[in-house]
Amino acid sequence: MVVPDKKYISQKVENHIIKNESRSYIDAVLYICEKEEIDPEVVGKFLSKPIKEKLETEARRLNLIRKKKPKLPL
């Protein structure tokens with residue numbers, strides 16, 4: 001097993017998305033976690049910011065997390 005780092009895991013996720021166009025980022029991350037034996041609860045520290053943003057967008061679209069409410073400046 002390769003010692004995971006941000007670049008390695010992020011590249012694996014992106015490659016998986018490219019090869020399996022119909023898969024979601026959530027599915028891709030969970031697949032890579034299983035393949036690389038990484039706990040899904042800690043994989044966040046191994047993902048790049050763009051992938052985290054794509055995961056957040058996907059989760060909001062699926063109503064897995066709440067939409068951000070705009071804050072009024074005080």
Picked from the stretch 41-74 (must be assigned to a loop (DSSP other than H, G, I, E, B) and aliphatic (A, V, I, L, M)), the residue modelled with the highest pLDDT is Leu47
Kindly provide the set of residues from the stretch 10-34 that are over 10 Å from the mean Cα position of the chain (by Cα), more than 19 Å from Leu64 (Cβ to Cβ) and in contact (Cβ under 8 Å) with a residue 12 or more places away in the chain, ordered by number.
Lys12, His16
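Looking at Glu14, Glu56, Glu37, Glu21 in this structure, which one is exposed (fewer than 14 other Cβ atoms within 10 Å of the Cβ) and at negative phi? Don't jump to the end; show me each part of the working.
Details: Glu14 fails: exposed (fewer than 14 other Cβ atoms within 10 Å of the Cβ); Glu56 fails: exposed (fewer than 14 other Cβ atoms within 10 Å of the Cβ); Glu37 fails: at negative phi.
From the options Glu14, Glu56, Glu37, Glu21, the qualifying one is Glu21.
The values are calculated or read from the model by the stated rules, or taken from the named source; none is laboratory data. All values derive from a computational prediction rather than experimental measurement. Neighbour counts are summed over all protein chains in view; Cβ atoms, including those assigned to glycine, are modelled from backbone coordinates with ideal geometry.
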